[in-house]
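Participant: Please find one structure pasted underneath; my questions will follow.
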Amino acid sequence: MTGRTFPRLSLALAAWISLAATSAVHGAETLPLEKIELPPGFVIELYADNVPNARQMARGDRGTIFVGSRMDGKVHAVIDSDGDHEADRVVLLAEDLFMPSGLAVHEGDLYVAEVHRIWRFDDIEDHLDASPKPTLVTDRLPEIRHHGWKFIAFGPDGWLYVPIGAPCDTCESEDPEFASIVRMRPDGTGREIVARGVRNTVGFDWHPETGRLWFTENGRDWMGNDIPPDELNVVREPGEHFGYPYCHGTGISDPWFGRQRPCSNFTPPAIELAPHAAAIGMRFYDGTAFPAAYRNQAFIAEHGSWNRDDPIGYRITVVHIDGDRATKYETFAEGWLEEPRAWGRPADVLVMPDGALLVSDDEADAIYRISYRGESTSQTSP
């Protein structure tokens, strides 16, 4: 989808009142949540189903959960009207978009990132049943599909942060914005590079105490089952270079490009993650409902490998962080993988005001809610 056409929007018309546009949440029995293993005291429940290809999530000021998609081309609003922690409606906001995976809410407006452009839907929670005509923020992003889908977020500085993935598995590019994270003002102006040498990040957040930007990064393919690792990185200086395509993980020189620049020239990862696990959505837990050991720690959605003899990922992990130092990497929730296939693939995590953790799943078209009820509680709800 190219050019300056607008995404097709849903309207509050009679034909729109169908299960395809506004759906009641049902069918919890079709998802085997009893198979999800969690630490003692945690429970997982269905928050919403029938959310097609659910990827990045963002929460509006009034509690609406907005959800992008990668392959479905649609953006949905997930609404819990009565506050019972289970969605009542899933509303179609926009469709016919080019991989609208990334979205963010800023001052009441919804920002939606396609591969090549970003839209703004003003006062979105006032228009859930008749979406406003969107405003184009920028159309100056590459149209290349390879690593083109986005995860976007507003930083503490009020700027919009947008990754521009490498246009290949492993290559050099003359365009310095490829394989980077950029930031721009809310109106799309003032674009500048924040981090370089970033092959493909689909998840990042700012530490609640230090304010530093941390991001997941997916490692390159075709170096074997166990290398290179995925990474969790921290930006300490604007414009830092994190190694791609010359260096991967902690000191793994690329077989094609490594001779050009040594690993000592680049910032190593804060911690190595599992190889090919597709670590994507990532947020710091800034709530208070979980035990103290999880506060201000990084929760990561591992979407799961596609290029490994033994599959890995398909889970939620947590990285424990002390200041700017990552100290421990461990599994938090697993059970979506039942070899040889997975019935679910976590794509993003989102901390709710009550301290629960939402998890989107683009394979099961669902959103889950993980909460803590004390160590005597079973791991799945009745």
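The values are calculated or read from the model by the stated rules, or taken from the named source; none is laboratory data. Computed from a predicted structure; not experimentally measured. Quick reminder, even Gly has a Cβ in these numbers, built from the backbone with ideal geometry, and neighbours come from all protein chains shown.
Participant: Show the residue pairs that are 6+ apart or on different chains and have beta-carbon atoms under 8 Å apart, the first residue being within the range 196-223 and closer than 21 Å to residue 252 by Cα, the second being acidic (Asp, Glu) and assigned to a loop (DSSP other than H, G, I, E, B).
Facilitator: Filtered contacts from the range 196-223: 220/169; 220/254; 221/169; 222/169.
Conditions tested, residue by residue: (1) surrounded by fewer than 20 Cβ atoms within 10 Å (Cβ to Cβ); (2) in contact with a Leu (Cβ under 9 Å, 6 or more places away or on another chain); (3) at pLDDT below 95.
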| position | (1), (2), (3) |
| --- | --- |
| 98 | yes, no, no |
| 133 | yes, yes, yes |
| 148 | no, yes, no |
| 155 | yes, yes, no |
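Participant: Condition first: of a type in the set (Val, Ile, Thr), in a loop (DSSP other than H, G, I, E, B) and either under 16 Å from residue 316 (Cα atoms) or without any contact (Cβ under 8 Å) to a residue 24 or more places away in the chain (or both). Now tell me which residues in the range 26-54 satisfy that.
Facilitator: Once the filter is applied, which keeps residues that are of a type in the set (Val, Ile, Thr), in a loop (DSSP other than H, G, I, E, B) and either under 16 Å from residue 316 (Cα atoms) or without any contact (Cβ under 8 Å) to a residue 24 or more places away in the chain (or both), the range 26-54 yields only 36.
Participant: Within the range 248-284, take every residue that is aliphatic (A, V, I, L, M) and not in a strand (DSSP E or B) and give me the one that is nearest to residue 147 (Cα to Cα).
Facilitator: Per the criteria, the residue is 278.
Participant: Tally the residues that are on the phi > 0 side of the Ramachandran plot, surrounded by fewer than 24 Cβ atoms within 10 Å (Cβ to Cβ) and touching a Gly at 6+ places or on another chain (Cβ under 7 Å), restricting the search to the range 218-248.
Facilitator: Adding up the residues that qualify gives 0.
Participant: Now for a separate question. Could you go through the range 113-129 and let me know if any residue there is surrounded by 20 or more Cβ atoms within 10 Å (Cβ to Cβ) and either at pLDDT below 95 or aromatic (Phe, Trp, Tyr) (or both).
Facilitator: Yes; the residues of the range 113-129 include at least one that is surrounded by 20 or more Cβ atoms within 10 Å (Cβ to Cβ) and either at pLDDT below 95 or aromatic (Phe, Trp, Tyr) (or both).
Participant: Just one of 57, 71 is of a type in the set (A, V, I, L, M), within 30 Å of residue 179 (Cα to Cα), touching a residue at least 24 places away in the same chain (Cβ under 8 Å) and touching a Leu at 6+ places or on another chain (Cβ under 8 Å); which is it?
Facilitator: 57
Participant: Now for a different question. Could you give me the residue pairs with C-beta distances under 7 Å whose first residue belongs to the range 240-255 and is at pLDDT below 95, whose second residue is crowded, with 17+ Cβ neighbours inside 10 Å and not in a strand (DSSP E or B) wherever it lies, and which are 6+ apart or on separate chains?
Facilitator: Sorted first by the residue in the range 240-255, then by its partner, the list stays empty.
Participant: Would you say residue 178 is of a type in the set (Phe, Trp, Tyr), assigned to a loop (DSSP other than H, G, I, E, B) and buried (at least 22 other Cβ atoms within 10 Å of the Cβ)?
Facilitator: No.
Quick grid of which residues meet (1) within 17 Å of the chain's Cα centre (by Cα); (2) surrounded by fewer than 19 Cβ atoms within 10 Å (Cβ to Cβ); (3) closer than 19 Å to residue 52 by Cβ:
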position	(1), (2), (3)
308	no, yes, no
326	no, no, no
342	no, no, yes
345	yes, no, yes
361	yes, no, yes
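Participant: Within the range 375-382, is even one residue part of a strand (DSSP E or B) and modelled with pLDDT of 95 or more?
Facilitator: Checked the range 375-382: no residue is part of a strand (DSSP E or B) and modelled with pLDDT of 95 or more.
Participant: Is there any pair with a first residue in the range 339-354 that is without any contact (Cβ under 8 Å) to a residue 40 or more places away in the chain and a second that is assigned to a loop (DSSP other than H, G, I, E, B) and of a type in the set (Gly, Ala, Ser) whose Cβ atoms are under 7 Å apart and which are 6 or more apart or on different chains, and what are they?
Facilitator: Partner pairs satisfying both residue conditions: 342/304.
Participant: Would you confirm whether or not the range 178-186 contains a residue that is in contact with a Pro (Cβ under 8 Å, 6 or more places away or on another chain), polar (S, T, N, Q) and modelled with pLDDT of 95 or more?
Facilitator: Yes, the range 178-186 has at least one match.
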